[in-house]
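Written below as structure tokens is the structure these notes are about.
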Amino acid sequence: MADIRMRKFEWTEHQHSVFVPEIDREHQLIFTLCRNLQRALRGSAPAAQVRSLVNELAVHSSEHFWHEEQQMRAAGYLHYAWHKQQHHTGRSQMTVLEARIRCGDRDAVCELLAFLHGWLNDHIRLADRMLGAYLRNRQRELTAKAS
């Protein structure tokens, strides 16, 4: 089995906050789900439990991507296509690894966690922070117009 000495999934405001509370909460949940999966793998949890945790992570990630994409469309975000393509990349890799996990490949769980650690950190720090800044500025504009 692949090395399970994985990096920590620890959401911190300094490194990960996009300063949009609902998006930050969703990111925090994804980090928590990754930690839960990591713990299960380290604790040699049964395959059914690992598959259930992977499924929960995939569902919440998909819902989060959909939510961000809905917000981008509603706000007329100029970088929507680029951001959505990044989500597509994340979804695609997760789908490939999920299929292997469903077939009992525990190495794929380690690969999934390694992928998500890098992808989430990079994606949040660039794409999501850009989106967060856009959404906050748009809200300020709307508030100023309403005054």
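The values are calculated or read from the model by the stated rules, or taken from the named source; none is laboratory data. Remember, it's a predicted structure, so these values are computed and weren't measured experimentally. Side chains included, ligands, DNA and RNA excluded: accessible areas come from the protein's heavy atoms. Shrake-Rupley method; radii C 1.70, N 1.55, O 1.52, S 1.80 Å.
Considering only region 41-63, state which residues are open to solvent by 10 Å² or more (accessible area, probe 1.4 Å), assigned to a helix (DSSP H, G or I) and not basic (K, R).
Once the filter is applied, which keeps residues that are open to solvent by 10 Å² or more (accessible area, probe 1.4 Å), assigned to a helix (DSSP H, G or I) and not basic (K, R), region 41-63 yields A47, A48, Q49, S52, L53, N55, E56, A58, V59, H60, S62, E63.
Working carefully through the options L78, L113, find the one that is of a type outside the set (V, I, T) and in a helix (DSSP H, G or I).
Of L78, L113, the one residue that is of a type outside the set (V, I, T) and in a helix (DSSP H, G or I) is L113.
Kindly provide the set of residues from region 81-110 that are open to solvent by less than 50 Å² (accessible area, probe 1.4 Å) and over 20 Å from V50 (Cα atoms), ordered by number.
Residues satisfying the conditions are H83, Q86, H87.
Can you report the number of residues in region 44-67 which are of a type outside the set (A, V, I, L, M, F, W, C) and over 11 Å from the mean Cα position of the chain (by Cα)?
Residues that pass the stated criteria total 8.
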